[in-house]
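Participant: Provided herewith is a single structure, encoded as structure tokens, for subsequent inquiry.
The values are calculated or read from the model by the stated rules, or taken from the named source; none is laboratory data. All figures in this text were calculated on a predicted structure; none of them were measured in a lab. All Cβ positions, glycine included, derive from the backbone under ideal geometry; neighbour counts span all protein chains shown. Calculation scope for accessible area: heavy atoms of the full protein, side chains included, ligands and nucleic acids excluded. Shrake-Rupley method; radii C 1.70, N 1.55, O 1.52, S 1.80 Å.
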Amino acid sequence: MLKPLGTRVVIEPKEAETMTAGGLYIPDNAKEKPQQGVIVAAGPGAKDEPMEVKVGDTVLYGKYAGTEVTFEGAKYLIVKQSDILAIV
């Protein structure tokens, strides 16, 4: 498993919606980039910035935050704790 350093976390993004509220299917090229996910790994933090999130938290993050990586066939997002907007 990935182990982030410092105040970074590894997030498994939630899949984008495939259907609208009205029942229409959204094609892959028109889907919004997900902005919600579950933390699967968290770094140890820093002396002046303790970790406020933990593994298992569902979080909202910025649309263009972090770095996308593929590890063992799954897609993850590595972001700094400061890029997380809220815990859901």
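Participant: List the number of the failed condition for E72; all other conditions in (1) at positive phi; (2) in contact (Cβ under 8 Å) with a residue 24 or more places away in the chain hold.
Facilitator: Only one criterion in (1) at positive phi; (2) in contact (Cβ under 8 Å) with a residue 24 or more places away in the chain is unmet by E72, namely (2).
Participant: Can you tell me which residue among E52, E68 is acidic (D, E) and either out of contact with any strand residue (DSSP E or B) (no Cβ under 6 Å at 6 or more places or on another chain) or assigned to a loop (DSSP other than H, G, I, E, B) (or both)?
Facilitator: E52
Participant: Report whether or not Q81 is over 17 Å from L2 (Cα atoms), surrounded by 10 or more Cβ atoms within 10 Å (Cβ to Cβ) and not hydrophobic (A, V, I, L, M, F, W, C).
Facilitator: Here the answer is no, as Q81 does not meet what is asked.
Participant: Scan the stretch 2-23 for residues that are in a loop (DSSP other than H, G, I, E, B), under 21 Å from A65 (Cβ atoms) and of a type in the set (A, V, I, L, M) and jot them down.
Facilitator: The answer is L2, L5, A16.
Participant: For the stretch 18-72, enumerate the residues that are among the β-branched types (V, I, T), loosely packed, with under 10 Cβ neighbours inside 10 Å and farther than 17 Å from L2 by Cα.
Facilitator: T20
Participant: If M1 satisfies all but one of (1) open to solvent by 90 Å² or more (accessible area, probe 1.4 Å); (2) at pLDDT 90 or above; (3) aliphatic (A, V, I, L, M); (4) touching a strand residue (DSSP E or B) at 6+ places or on another chain (Cβ under 9 Å), what's the number of the condition it fails?
Facilitator: (2)
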